[in-house]
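Heads up, the thing below is written out as structure tokens.
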Amino acid sequence: MSWLLALPFFIPITTALIAFLARGRKHLCSVISITGCFAALCVSIAIVTLVVSGGPQAAQMGDWQAPYGITLIADRLSAVMLLISAIVGLCVALFAISDINENRVKLGFHCFFQLLLAGVSGSFVTGDLFNLYVWFEVMLIASFALLVLGGEKIQLDGGIKYVALNLVSTLLMLTSIGLLYGLTGTLNMAQLHISLAEVDNPVAISTLAVIFICAFGIKAAIFPLFFWLPASYHVPPVAVTAVFAGLLTKVGVYALIRTFTLIFPNDLGFTQNILLGAALLTMLTGVLGAAAQYEFRKILSFHIISQIGFLILGLALNSPLALAGTVFYMIHNIVAKTNLFLISGTAQRLAGSYELNEIGGLYKASPLLSTFFFIAAFSLAGFPPLSGFWAKLLLVKASLDQTAYFVTAVALITGALTLFSMSKIWAEAFWKPHPQGHCKSLYSLSVAERLQRLLPVSLLASITLILGFMPEPFIEYALGTAGELLHPDDYLEAVLTGSSH
Amino acid sequence: MEGPLAVVVGILIATGVYLMLARDLLHYLFGLVLISNAANLAIFIAGRLTRASPPLIPEGQEAPQIVVANPLPQALILTAIVIGFGLLAFALALIAQVYRELGTLDVDRMRIAEPVRPKRKKSL
């Protein structure tokens with residue numbers, strides 16, 4: 001049992017070590033990386049199955065009982081995040097074969113990529129706040145390396161801004177964890193839920209809650225802490241951007257959800273308003289920023305911010321339906337966003353640039369790629385019957401239930417503006433003729449490269465379609481997750497008394 | 001002892017923030033170093049400062065016989081120092097490389113990733 005919960009980060013770390021030894025050989029490295037991702041996927045499916053049938057599963061590392069040792073725990077939220085990040089990892093590893101050049105592989109691309117996945121998975125399974133900090137750092141240092149790997153001028157420029165602002169978030173997180181320990185004497189998240197309720201110091205608790213919002217808010221890129229994201233996400237190779245876009249900010253959101261459902265549940269009256277305001281402004285500023293951009297990846301980067309607003313919105317509304325909306329939105333968004341970035345990479349390969357005024361004619365040159373873009377983009381904009389529609393529906397319904405009509409209006413306006421940006425990309429990159437007159441077709445690529453580029457895209461697009469056409473089991477799962485988050489009794493029991501090993 | 005040390009943390013953070021407000025990247029990094037030390041010191045104080053003995057359990061016993069100091073914050077700080085050292089060393093190396101490639105440490109002049117005048121549609 002305890003080994004199964006350690007595998008989601010043990011496998012990527014092992015893979016990273018092997019990939020480091022084999023870094024001189026590009027194909028061997030790719031094979032190792034894909035095998036590792038596939039193994040991680042199998043493990044995460046096993047964990048999801050266990051959690052669905054048996055409730056939250058906990059494991060005490062080194063047999064130190066909670067709250068003294070480090071606890072690993074998978075509840076429904078952790079399990080689904082593990083699964084979705086394993087899928088994203090596998091897709092990006094496949095795409096990376098053709099997107100990452102030999103030089104970057106020699107510098108250790110696959111090693112850092114696997115370490116990033118280890119950091120992400122570790123953050124999802126840990127039940128200890130300080131351990132969460134450590135996994136955040138693993139993820140952070142790997143993302144630093146991936147961002148500047150190759151050392152082009154533009155990468156260094158974007159990288160320095162990313163590094164500078166994320167280090168601030170790290171320090172805030174460390175300080176707030178230290179102060180929380182001073183207040184309660186524990187760092188086990190389940191124990192914190194109990195201990196913090198007994199602390200009679202509302203000023204200190206409120207201050208800590210706000211520092212946590214700032215620390216995780218920088219990672220999650222919420223308003224007004226998101227400026228590192230549009231400065232850096234368009235500089236590395238697109239495979240790196242895709243995995244960043246899919247996973248990094250979502251780990252920040254996951255940490256926010258965990259903190260404000262498990263650790264600070266009683267403080268919500270005060271922090272809820274901050275989160276709500278931040279969510280609405282994040283949605284609007286993100287989507288307006290995207291409207292001003294004319295570069296494929298910059299538009300998508302600003303949309304990441306706008307989507308983060310929706311995720312935080314569900315947390316701020318804090319009803320079972322709203323939290324279920326957040327969980328469903330997260331699944332939908334990770335898949336659609338990663339897919340859009342992968343498609344933008346292939347579009348650049350065919351048309352020659354990311355600048356929308358320098359490209360065109362993609363619809364005529366490769367209808368298949370256009371179809372995939374259409375599915376992902378219009379799902380993001382919330383078109384029925386694609387996955388984004390159900391995700392937005394849950395959140396809009398939740399806001400209407402609380403008669404928060406202003407929130408509903410902002411969510412719908414954001415949806416409309418998202419559609420504006422997506423149709424801008426569609427009109428500029430896909431419909432209008434190529435300014436140089438000719439756009440390469442998919443068939444000009446070698447069979448192997450076509451497969452490496454289209455297989456992950458089609459896999460992610462089919463997940464979007466499945467989420468869209470058969471949303472019921474997934475919404476059911478999301479509602480179950482929301483129930484666990486709002487009533488963490490099973491979670492507490494699994495950590496503090498379960499002692500299964 | 002907590003009071004004076006809390007003041008030290010405050011001074012470290014104030015100095016760090018002042019340095020980070022400079023445009024020069026190296027000043028920014030020095031500010032981060034100071035604040036990272038302040039964070040470690042804050043954890044140390046949060047673990048309560050006592051004059052108790054080191055947390056050693058005599059042979060054959062299961063629990064310490066006298067009042068001992070809390071070893072956990074120190075373990076946390078040790079981890080944080082190692083991680084912080086790695087991150088700051090990376091940041092320093094990155095800044096050195098940025099200076100070599102871009103020829104400046106003034107963040108206002110680093111406009112390659114975000115050009116002041118991005119390419120627009122011709123009609124605009």
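Derivation of every value follows stated rules applied to the coordinates shown; laboratory data play no part. The shown structure was predicted, so the numbers you read here are calculated from the model rather than taken from an experiment. Cβ coordinates were reconstructed from backbone atoms using ideal geometry, including for glycine residues, and neighbour counts include every protein chain displayed.
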The stretch A:60-124 to the stretch A:200-238: how many Å between their Cα centroids?
21 Å
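Kirkwood hydrodynamic radius, the stretch A:171-247, all distinct C-alpha pairs: what's the number in Å? Write down the numbers at each step before the final one.
On the way: mean 1/r = 0.0690 Å⁻¹.
14.5 Å is the Kirkwood radius here.
What does the convex hull of the Cα atoms of the stretch A:264-488 come to per residue, in Å³, rounded to a whole number?
Details: hull volume 25.0 nm³, N = 225.
Spread over its residues, the Cα hull of the stretch A:264-488 gives 111 Å³ apiece.
Could you give the Stokes-Einstein D for chain A in µm² per second, using the C-alpha Kirkwood radius, 10 °C, 1.306 mPa s?
It comes out at roughly 70 µm²/s.
Can you pull the Rg over Rh of the stretch A:429-474, Cα-only, Kirkwood? Present the calculation step by step, with values, prior to reporting the outcome.
Numbers: Rg = 15.7 Å, Rh = 13.3 Å.
Value, to two decimals: 1.18.
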Cα-based helix-to-principal-axis angle, A:76-99 vs chain A, degrees rounded to 10
30 degrees
Across the stretch A:60-164, what fraction of all alpha-carbon pairs, as a whole percent, falls in each successive 10 Å bin from zero upward?
14, 36, 31, 15, 4
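Can you tell me the FRET efficiency between residue A:3 and residue A:476 if r is taken as the Cβ-Cβ distance and R0 is 51 Å, rounded to the nearest 0.05? Please list the in-between numbers first.
Details: r = 29 Å, r/R0 = 0.58.
For residue A:3 and residue A:476, the calculated efficiency is 0.95.
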What whole-number distance in Å separates the alpha-carbon centres of the stretch A:285-327 and the stretch B:74-118?
28 Å
Beta carbons within 10 angstrom, averaged per residue: use that to sort the peptides B:6-18, A:86-98, A:20-32, highest first.
A:86-98, A:20-32, B:6-18
15 Å beta-carbon shell around residue A:108, net charge (K/R +1, D/E -1)
+4
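To the nearest 500 deg cm²/dmol, what mean residue ellipticity at 222 nm is calculated for chain A from DSSP H runs of n ≥ 4 alone, each contributing -39,500 (n - 2.57), summed and divided by the residues? Let's see the in-between values first.
Values: 22 runs with 372 residues, N = 501.
-25000 deg cm²/dmol, from helical runs alone.
Tell me the relative contact order for chain A as a rounded percent, counting alpha carbon contacts under 8 Å between residues six or more apart. Walk me through the numbers on the way to the answer.
On the way: 851 pairs, mean separation 85.7, N = 501.
Answer for chain A is 17 percent.
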Hey, which aspartates and glutamates would be in cross-link range of residue A:219, C-alpha to C-alpha under 15 Å, not counting anything within fewer than 8 residues on its own chain?
A:137
What's the angle, to the nearest 10 degrees (0 to 90), between helix B:2-20's Cα axis and the longest principal axis of chain B?
10 degrees
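If you take every residue apart from residue A:172 with its C-beta less than 15 Å away from the C-beta of residue A:172, what net charge results, scoring Lys and Arg +1 and Asp and Glu -1?
For residues surrounding residue A:172, the net value is 0.
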Chain A: angle of helix A:367-380 to the longest principal axis, Cα-based, in degrees nearest 10
30 degrees
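Please compare each pair in A:26/A:250; A:161/A:440; A:161/A:337 to a cut-off of 24 Å on the Cα-Cα distance and tell me which ones are over it. Let's see the in-between values first.
On the way: A:26/A:250 30 Å; A:161/A:440 35 Å; A:161/A:337 22 Å.
Pairs exceeding the cut-off: A:26/A:250; A:161/A:440.
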Only Lys, Arg (+1) and Asp, Glu (-1) charged, at Cβ; chain A dipole about Cα centre in debye:
1760 debye
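Determine the gain in length on full extension of the stretch residue A:403-residue A:14; use 0.36 nm per residue of separation and subtract their C-alpha separation, reporting nm with one decimal.
135.0 nm
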